[in-house]
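So the structure is just underneath, and the comments pick up after that.
Since every read-out is calculated from the coordinates, none of them should be taken as a lab result. Remember, predicted model here, so these are calculated numbers, not experimental data. Cβ: placed from backbone, ideal geometry, glycine included. Neighbour counts: every protein chain shown.
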Amino acid sequence: MLLGFKTELKLNNQQRTALAKHCGVARHAWNWGLGLTKQILDHNRDNPEEKIKFPTAIDLHKWLIALVKPEYPWYYEVSKCAPQYALRQLSEAWRRAFKKTSKPPRFKKKGRADSFTIDGAIKLEHFRIKVPKIDWLKTYERLPTCFSPKSITISRTADRWFISFKMETEPVNNPKAHSVVGVYLGIKALAVLSTGEVFEGAKCSRKYEKKLSRLQWLNRHKKSGSANWKKAQVKIAQLHRKIANIRKDTLHKLTTYLAKNHSRIGIEDLNVSGMMANHKLAKAIADMGFYEFRRQLSYKCELYGSTLVVVDQWYPSTKTCSRCHTKKDSMPLSERVFRCDNCGFECDRDLNASFNLEQAAS
């Protein structure tokens with residue numbers, strides 16, 4: 001199976017400038033292609049009798065070479081793959097938007113999620129990687145030297161640069177300590193297992209909310225584009241990165257524990273976007289990272305030989321008694337203890353839901 005590998009780069013100022021140029025060209029190609037495709041869509045909507053065929057990534061790249069590159073000579077200072085992959089990603093974004101699986105693509109802004117993808121003669125050594133047009137780049141972490149990736153993605157988060165690529169990994173099928181487990185995701189605790197274990201969420205956004213608000217408040221009067229404004233923007237981005245890293249670390253530890261120690265794992269198919277519509281709970285739900293939890297658990301179950309059972313989102317796990325299977329008419333969030341009127345069973349509502357998910361996954 002293919003597994004992603006991502007590590008931080010150890011760069012000098014000259015290399016940082018070269019990577020920033022690649023990001024700038026990729027961003028310019030994306031924005032140019034997005035503007036052109038939006039014009040085509042507007043024309044087709046206003047003139048249904050004179051429709052223009054929506055361009056593919058190949059069409060956009062041909063037009064870019066003919067129209068844009070002669071006008072902007074700095075395109076030739078970077079690898080030709082950077083704008084090419086940007087247009088491929090734009091085409092894929094429109095494809096998902098047309099299928100209603102995601103929102104339409106938006107214009108990119110400098111300094112926000114800067115990244116680019118290139119391919120070619122890529123060579124890996126223990127603590128460095130050879131990238132076309134940029135040459136050797138050092139890393140803080142030892143790289144897998146058993147293969148050469150076909151393409152790599154270099155991205156920037158705050159003031160740090162990262163490199164990522166896909167590598168072939170053999171699944172590991174070790175004996176598991178537990179056969180079946182139900183996992184109920186909640187807001188009070190990140191996960192309650194049917195074994196009785198409770199995993200608290202990081203809740204890092206709430207922890208650093210005041211500090212983030214303070215940094216943004218101090219930055220409000222600085223002149224946009226000034227040196228002090230840029231320094232403040234880096235500090236804000238660093239804090240956002242710290243919050244994201246704490247959340248990812250918590251989720252990685254939990255999902256790895258579940259996949260390594262349980263043969264079958266039952267979870268609910270949560271409608272996260274629908275849950276986020278509740279403005280009273282949206283911040284707490286986003287802070288837990290339910291979507292990232294399922295994404296990590298999906299590939300880790302495949303990696304460690306476990307089976308992930310996704311129970312239907314309409315399954316009444318919190319309203320059903322795990323002992324006699326009697327369903328209640330309602331179970332408001334204020335009721336933290338489940339009490340069955342039929343058999344008298346009493347249990348924490350989240351633990352009772354995890355029991356039902358375990359039974360559904362069996």
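For log10 I(q)/I(0) by the Debye sum over Cα atoms at q = 0.08, 0.13, 0.15 Å⁻¹, the value computed from the atomic coordinates appears in the list (i) -0.56, -1.22, -1.36; (ii) -0.47, -1.08, -1.31; (iii) -0.40, -1.10, -1.46 under label (i). Relative to the current alpha-carbon distance between Ala227 and Asp312, full extension at 0.36 nm per residue lengthens the span by 25.4 nm. Normalised by the number of residues in the chain, the average gap of Cα pairs under 8 Å and 6 or more apart makes the relative contact order 17 percent.
Pairs exceeding 23 Å between alpha-carbon atoms, taken from Lys123/Lys242; Lys80/Lys123; Lys203/Lys223; Lys53/Lys100: Lys123/Lys242; Lys203/Lys223.
Loop-located chymotrypsin sites (Phe, Trp or Tyr not before Pro) across region 140-230 with a Cβ neighbour count of 12 or fewer within 10 Å are Tyr140, Phe147, with loop assigned by DSSP. Take the chain and mark each of the GluC sites (Glu not before Pro) that is in a DSSP loop with at most 16 other Cβ atoms within 10 Å; the longest unmarked stretch, sites excluded, is 201-334. The sum of -39500 (n - 2.57) across all DSSP H runs of n ≥ 4, divided by the residue count of the chain, sets its helix-only mean residue ellipticity at 222 nm to -13000 deg cm²/dmol.
Taking 7 Å steps out from each Cα toward its Cβ at Ala113 and Arg339 produces label points 4.8 nm apart. Residues in region 33-42 carry Karplus couplings, in order, of x, 5, x, 5, 5, 5, 5, 5, 5, 5 Hz; the curve used is 6.51 cos²θ - 1.76 cosθ + 1.60 with θ = phi - 60°, and Gly or Pro positions show x.
Could you give the angle, 0 to 90 degrees to the nearest 10, between helix 349-361's Cα long axis and the longest principal axis of the Cα atoms of the chain? Result, in degrees: 80.
In this structure, the amide hydrogen of Lys123, modeled 1.01 Å from its nitrogen in the peptide plane, lies closer than 5 angstrom to those of Lys130, counting only residues at least 5 positions away or on a different chain. In this label model, Lys248 and Asn13 are separated by 2.9 nm, measuring between points 7 Å along each Cα→Cβ vector. In sequence order, region 63-72 has phi-based couplings of 5, 4, 5, 7, 10, 8, 4, x, 7, 10 Hz under the Karplus curve 6.51 cos²θ - 1.76 cosθ + 1.60, θ = phi - 60°, and Gly or Pro positions carry x.
For the chain, DSSP calls about 80 percent of its internal beta bridges antiparallel.
Using the Cβ-Cβ distance between Gln39 and Arg142 with R0 = 45 Å, the FRET efficiency computed as 1/(1 + (r/R0)^6) comes to roughly 0.40.
The 3J(HN,Hα) values that the Karplus relation (6.51, -1.76, 1.60; θ = phi - 60°) gives for region 303-315 are, in residue order, 6, 9, x, 9, 10, 9, 10, 9, 7, 4, 5, 8, 5 Hz. Gly and Pro appear as x. When the trypsin sites (Lys or Arg not before Pro) in region 311-362 are filtered for DSSP coil states and for at most 15 other beta-carbon atoms within 10 Å of their beta-carbon, the remaining sites are Arg323, Arg336. The loop-placed trypsin sites (Lys or Arg not before Pro) in region 214-260, going by DSSP, that have at most 15 neighbouring Cβ atoms within 10 Å of their Cβ come out as Arg220, Lys222, Lys223.
With the simple model of a label 7 Å out from the Cα in the direction of the Cβ, Thr326 to Arg95 spans 5.3 nm.
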